[in-house]
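The values are calculated or read from the model by the stated rules, or taken from the named source; none is laboratory data. It should be emphasised that the depicted structure is a prediction, and the values quoted were computed from it without experimental measurement. Glycine also receives a Cβ, built like all others from the backbone with ideal geometry; neighbour counts cover every protein chain displayed.
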Amino acid sequence: MNTASTDRPDEAEVLIRATAVGKRFSRFSRRATSLKERVVRREQGAKEDFWALRDVDLVVRRGETVGLTGPNGSGKSTLLKVLSGILRATTGEVSVRGRVASLLELGAGFDGELTGRENIYLNSALLGVPRAETDRLFEQIVEFSELREVIDNPVKHYSSGQYMKLGFSVAVHMDPDILIVDEVLAVGDAAFQQKCIDRIRLFQRQGKTILFVSHSSGQVVSLCTRAVLLNRGKVVFDGPAGQTIERLHAM
């Protein structure tokens with residue numbers, strides 16, 4: 001059962017708009033393997049352009065929960081990084097309105113030498129949150145993360161599950177207009193995953209906008225107002241989550 005808002009999405013404010021977005025990377029058939037080789041041999045072999053995204057159009061409105069699906073290598077994570085500003089599009093235009101909290105890679109935005117406590121303040125500052133507000137939210141963040149016993153340890157000693165707990169807890173407590181989440185929710189114990197899903201449902205009731213990648217067809221169908229199917233860097237379907245998953249399985 002879809003739990004997202006039933007308000008007419010076509011009348012809501014557009015928070016994310018991508019128009020004809022493309023992202024190109026360069027690959028080389030041979031790379032230098034040492035500093036000496038870089039100096040002595042300037043040639044790096046034949047250069048090949050690889051388009052991770054091609055002519056992607058996407059509109060996400062306030063209150064929508066949109067899932068990105070597709071085979072491995074289809075461009076889902078690249079698109080999230082472009083929309084969150086981590087990568088710059090090679091072609092096309094991207095417009096994002098409002099405070100964005102993104103959880104795209106384990107440990108992204110963390111300084112391994114700093115403690116969990118220090119990284120909470122660091123991440124909050126990067127999101128533009130005043131220190132006084134972080135002070136007010138600190139206990140809630142730690143309580144939600146279930147990391148009180150290790151919050152003053154350097155995060156380089158954290159497990160992947162602990163990274164995810166801290167990152168998700170910071171992101172959801174910063175009152176974002178848009179929450180962007182990659183497959184990192186697959187990391188960690190089942191109980192905390194359910195806690196994350198419950199928080200996403202709360203965000204939906206509050207009218208937040210959520211964009212996420214998941215290989216769980218069940219999560220996409222139950223959480224999303226709609227889903228976008230990518231293949232080889234292109235959008236091949238954008239519609240109701242159930243129909244999108246059916247096309248993904250057929251693919």
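Observations, loosely collected:
- Test: residue in segment 169-181 that is buried (at least 21 other Cβ atoms within 10 Å of the Cβ), under 30 Å from THR134 (Cβ atoms) and in contact with a Gly (Cβ under 6 Å, 6 or more places away or on another chain): yes
- Hits in segment 151-195 (condition: outside any helix (DSSP H, G or I) and among the aliphatic types (A, V, I, L, M)): ILE151, MET174, ILE178, LEU179, ILE180, VAL181, VAL187
- Candidates LEU127, LEU103, LEU83, filtered to the one that is surrounded by 14 or more Cβ atoms within 10 Å (Cβ to Cβ), of a type outside the set (S, T, N, Q) and at pLDDT 90 or above: LEU83
- Within segment 83-141, the residues that satisfy the criterion of being among the charged types (D, E, K, R) and farther than 29 Å from ALA52 by Cβ are GLU113, ARG117, GLU118, ARG131, GLU133, ASP135, ARG136, GLU139.
- Where VAL142 falls short, out of the listed (1) at pLDDT 95 or above; (2) out of contact with any strand residue (DSSP E or B) (no Cβ under 6 Å at 6 or more places or on another chain); (3) exposed (fewer than 14 other Cβ atoms within 10 Å of the Cβ): (3)
- Highlighted here are the strands (runs of 3 or more DSSP E) found entirely within segment 196-251 that include at least 1 residues which are closer than 22 Å to ILE16 by Cβ and of a type in the set (Gly, Ala, Ser): 226-231, 234-239.
- The residues of segment 88-100 that are of a type outside the set (Val, Ile, Thr) and surrounded by fewer than 18 Cβ atoms within 10 Å (Cβ to Cβ), listed by number, are ARG88, GLY92, GLU93, SER95, ARG97, GLY98, ARG99.
- Hits in segment 223-237 (condition: surrounded by 16 or more Cβ atoms within 10 Å (Cβ to Cβ) and touching a residue at least 12 places away in the same chain (Cβ under 8 Å)): LEU223, CYS224, THR225, ARG226, ALA227, VAL228, LEU229, LEU230, ASN231, GLY233, LYS234, VAL235
- Given (1) at pLDDT 95 or above; (2) out of contact with any Leu (no Cβ under 7 Å at 6 or more places or on another chain); (3) among the aliphatic types (A, V, I, L, M); (4) farther than 30 Å from GLY128 by Cα, index of the condition ALA190 fails: (1)
- Counting only residues that are among the acidic types (Asp, Glu) and in contact with a strand residue (DSSP E or B) (Cβ under 8 Å, 6 or more places away or on another chain), segment 105-139 holds 1 of them.
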